[in-house]
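Here's the structure we're looking at; comments come further down.
The values are calculated or read from the model by the stated rules, or taken from the named source; none is laboratory data. Values in this document were obtained by computation on a predicted structure and should not be read as measured data. Note that we place each Cβ from the backbone using ideal geometry, even for glycine, and neighbour counts take in every protein chain shown. For accessibility, only protein heavy atoms count, side chains too; no ligands or nucleic acids. Shrake-Rupley method; radii C 1.70, N 1.55, O 1.52, S 1.80 Å.
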Amino acid sequence: MHISDKFSKIIEQEKIYYPLFSKKEFVAIRGKGALLYDEAGNEYIDCVAGHAVMNIGHCHPKFIQLMKKQLEKIVFVPPDFPTEERASLLDKLTHITPKKLSCVFLSNSGTESIEAAIKLILSAKREIKRPEIIAFKRAFHGRTLGSLALTHNMRYRKPYLPWLTPNVKFASFGDIDSVKNLITDHTVGIVIELIQGEGGIYCAPEEFPKELRELCDEKDLILVIDEVQTGFGRTGKMFAFEHYGIEPDILCLAKAIAGGFPMGATLSTDDIFSRMKPGEHGTTYGGNPFACAAANAAIDIIMEEKLVENAAKQGKKMLLELKAFSEEKNHVIREVRGKGLMIGVEYRMKVKELIQRAEKLGVLLLNAGLTVIRLLPPLVLTDEQVKKIINVMLQIST
Ligand SMILES: Cc1ncc(COP(=O)(O)O)c(C=O)c1O
């Protein structure tokens, strides 16, 4: 791929930015819907979608228009200033989530939404001396020190172990007995992704979430569902818990919530929230009017354009086709998993080179670990684009 001097310079300058990321060898210049374009004019179907952020697609016309208007109106006031943008977002969030989740804390990222959830659990159960939380093997909840304590992968944990609380226990995902075995008098809550994203796209078995809910009710434990990656239509329902017929006590949201602007949200019952005292938690940027306007716009677009339904439809088609060809290619592909437009294809080999080949063929893919390709395209995906993705997946799997 030809990279002009200007863009070689950008790539060179980028090297001093957070060298921990392995970066793409092209410069993303612009996007439109499910498509991204690089400096050389190459077009890609973006199945990365900013790691499940761009559910409404890139540069949605209505989003652009509303954001321009908001820039001219008001960008920032701190959290103690009421604004119509935040009032409207709080109303929206509490309407699209279960009624019992009547309190909302707004922050700026997924990991912050988890940190708030941890503090909400601990403050609600402050009478327990050494409170323990149960999380799951393969879980990913973020990289700050609280959320990292709930994240299972040693690759992320190891250097920071001295600062990670020993009061998190990891159960086997999908195995209710393994959860029961970890419960003690100190257990205060359970934190789960119903579809594990970073861990490799593993969907909770059908009955497991209900069993967990019953267990939490029986033992008076707080159930936190992390929908940072699965939320806002990604799985073919607005939230993944809807697939399983359960409701959380605390719900963590981020990524797609504000159409690409940083935002996290932690929703909880009034009972849990009211036990945290004023000043015990907070953030300067959280819930600012610009981010709230972005979230209002993104959520409206998701609902008005029936993107949840489109994710269900296109996801079903993709999953069926991928499963069909995985049977023919079972010497290469181990398993295809997922719901809606959150799909994982597990190979019998490392996928790094396959992802690079797909890029040359015009499809951007994401890995989850060494052997899983993750497909998380924008929910505006068209029939034509689905065909091309399947075609490219076929080509790289031979
Ligand atoms: C399920 C889940 N929780 C939490 C996070 C952390 O979100 P952030 O990267 O915005 O801090 C992620 C990020 O990938 C995630 O997938």
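Structure notes:
- Set of lysines near K23 by C-alpha distance (under 21 Å), chain-local residues within fewer than 8 positions excluded: K6, K9, K15, K255, K350, K352, K360
- Once C-alpha pairs closer than 8 Å and six or more residues apart are averaged by separation and normalised to the residue number of the chain, the relative contact order reads 22 percent.
- Its alpha carbons give the range 230-374 an Rg and a Dmax of 18.9, 59 Å.
- For the range 162-288: rounded, prolate or oblate by the Cα gyration tensor [a/c cutoff 1.5]: oblate
- Accessible surface, per residue, of the range 62-304 when the full set of protein chains is kept, probe 1.4 Å, Å²: 43 Å²
- Given the chain, longest segment not containing exposed loop chymotrypsin sites (Phe, Trp or Tyr not before Pro) (DSSP; at most 10 other Cβ within 10 Å): 22-398
- Label-reachable residues, the range 273-316, where backbone N falls under 16 Å from a point 7 Å from K73's Cα toward its Cβ: 287-301
- Membrane-span-like helices in the chain (whole DSSP H runs, Cα extent of at least 30 Å along the helix axis, mean Kyte-Doolittle hydropathy of at least -0.5): 307-328.
- Whether the range 95-209 is rounded, prolate or oblate, judged on the alpha carbon gyration tensor where a/c under 1.5 counts as rounded: rounded
- Estimated FRET transfer efficiency when R0 is 41 angstrom, pair T184-K15 (beta carbons, to 0.05): 0.30
- Each Lys and Arg adds +1 at its Cβ and each Asp and Glu adds -1 at its Cβ; summed about the Cα centre, the chain shows a dipole of about 900 debye.
- Estimated distance in nm for a label pair at S123 and C59, the labels positioned 7 Å out from Cα along Cα-to-Cβ: 4.3 nm
- With the alpha-carbon atoms of the range 62-304 aligned to their principal axes, the span from lowest to highest coordinate is 56, 38, 36 Å, starting with the largest.
- Cβ-Cβ distance of D271 and H331, R₀ of 56 Å, FRET efficiency by 1/(1 + (r/R0)^6): the value works out to about 0.55.
- Bridging of K92 to aspartates and glutamates at a Cα separation below 14 Å is possible for E84, D300, E304, once same-chain residues fewer than 8 apart are set aside.
- Cut-off 20 Å (backbone N to label point 7 Å along Cα→Cβ of K306), residues of the range 58-73: 61-62
- Among the GluC sites (Glu not before Pro) within the range 1-81, those in coil by DSSP and having at most 15 neighbouring Cβ atoms inside 10 Å are E25.
- Percent of beta bridges antiparallel (DSSP, the chain, rounded to nearest 5): 65 percent
- Cα gyration tensor category, rounded, prolate or oblate, for the range 158-236 with a/c compared to 1.5: oblate
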